Amino acid sequence: MSDDEIRPGHVREITAISNPVIKQMRALSMKKVRDETGQFLAEGLKLVTDALDGDWPVHIVAYSKNAADNARLQSVAAKARARGAMIVEASEKVLTAITRRDNPQMAVGVFSQRWTKREAIRPREGQLWIALDRVRDPGNLGTIIRTADAVGASGVMIVGESTDPFSLEAVRATMGSLFHMPLARMSEAEFLDWRKDWPGMVVGTHLEGAVDYRSVDYTPGPVLLLMGNEQQGLTDALAQACDRLCLIPMAGQADSLNLAVSTGIMAFEVRRSALAMPDPKAPRQGAGS
């Protein structure tokens with residue numbers, strides 16, 4: 001790649017899929033390349049905006065030539081350019097090649113990944129952390145990250161060999177919550193060692209769980225919610241690491257729930273008191289009361 005092609009803050013018009021910059025962006029669809037570079041793709045003006053607002057390091061922002069007059073898009077491009085990113089004005093054919101979608105959104109960015117080190121996790125009273133064992137589906141992982149953000153969780157831990165939260169599919173499914181939710185990753189052995197110092201309750205779900213998830217007192221916390229693989233559930237070692245193994249009762253013929261759905265049910269129950277709406281009939285206290 002020439003110096004002209006990678007010069008920070010440079011604006012280029014690119015119409016060829018064979019361009020080295022486009023090849024670099026397309027290669028980020030492969031986990032191996034994401035791991036080697038520590039970079040990933042965020043597709044769509046909202047996700048690019050969320051990443052920039054969260055001060056994630058940005059390398060490239062490519063936008064559709066057809067949308068070049070969009071004021072919001074130009075504002076985002078200017079912000080990225082001010083931070084040293086290359087700005088690419090691309091044809092729709094090029095954006096389609098990068099995102100592998102027939103109807104690509106108007107912008108896509110290349111950002112650096114962020115991981116929280118396990119020693120930096122300092123749980124406090126009232127917090128919820130979600131740990132996921134060997135998640136296989138990127139849509140599930142992205143949806144759980146989005147749900148964790150919605151419920152006010154403090155972070156998501158990825159345990160064992162799981163799908164990559166920085167894959168394009170997972171990033172899409174987070175709907176921007178990726179840029180607000182701390183992520184950590186550990187092997188099962190590292191997690192079990194780290195769990196020994198967890199100061200609160202560790203709760204898991206299990207088909208053989210003996211406790212109705214609604215009957216557990218999750219306060220004051222912190223709570224570590226441990227959810228298992230889509231097909232196999234928790235490993236025996238992880239199940240034994242739980243203080244409570246809960247069951248989500250079902251009335252129909254289904255014998256299991258989707259992982260993202262069950263994680264959402266559990267997370268909102270754990271955070272029930274924190275999310276409680278104020279009683280509209282309760283008297284309001286003024287400054288002089």
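Of note:
- Looking only at the range 214-228, residues that are under 23 Å from residue 258 (Cβ atoms) and surrounded by 20 or more Cβ atoms within 10 Å (Cβ to Cβ) come to 7 in all.
- Single unsatisfied condition, residue 194 versus (1) surrounded by fewer than 20 Cβ atoms within 10 Å (Cβ to Cβ); (2) out of contact with any helix residue (DSSP H, G or I) (no Cβ under 9 Å at 6 or more places or on another chain): (2)
- Within the range 161-180, the residues that satisfy the criterion of being closer than 18 Å to residue 264 by Cα and part of a loop (DSSP other than H, G, I, E, B) are 165, 175, 176, 180.
- Note on the range 238-254: among residues that are touching a residue at least 40 places away in the same chain (Cβ under 8 Å) and either assigned to a helix (DSSP H, G or I) or out of contact with any Gly (no Cβ under 6 Å at 6 or more places or on another chain) (or both), the one that is surrounded by the most Cβ atoms within 10 Å (Cβ to Cβ) is 238.
- Residue within the range 201-212 that is of a type in the set (Gly, Ala, Ser) and over 27 Å from residue 249 (Cβ atoms) present: no
- Residue pairs meeting the criteria (Cβ under 8 Å; at least 6 apart or on separate chains; first among the acidic types (Asp, Glu), in the range 169-195; second in a loop (DSSP other than H, G, I, E, B)): 188/160; 188/235
- Of the residues making up the range 167-182, those that are hydrophobic (A, V, I, L, M, F, W, C) and crowded, with 18+ Cβ neighbours inside 10 Å are 168, 170, 171, 173, 178, 179, 181.
- Filter result for residue 247 (over 22 Å from residue 198 (Cα atoms) and in contact with an Asp or Glu (Cβ under 7 Å, 6 or more places away or on another chain)): yes
- Among the residues of the range 181-220, those identified as among the hydrophobic types (A, V, I, L, M, F, W, C) and not in a loop (DSSP other than H, G, I, E, B) are 183, 184, 186, 189, 191, 192, 194, 201, 202, 203, 211.
- Residue within the range 172-187 that is on the phi < 0 side of the Ramachandran plot, touching a Leu at 6+ places or on another chain (Cβ under 6 Å) and not assigned by TED's automatic domain parsing to the domain that holds residue 27 present: no
- Residue list for the range 13-39, restricted to those being assigned to a loop (DSSP other than H, G, I, E, B), surrounded by 13 or more Cβ atoms within 10 Å (Cβ to Cβ) and of a type outside the set (A, V, I, L, M): 15, 19, 29, 38
The values are calculated or read from the model by the stated rules, or taken from the named source; none is laboratory data. All values reported here derive from a predicted model rather than from experimental measurement. Neighbour counts run over all protein chains shown; Cβ positions are idealised from the backbone, glycine included.
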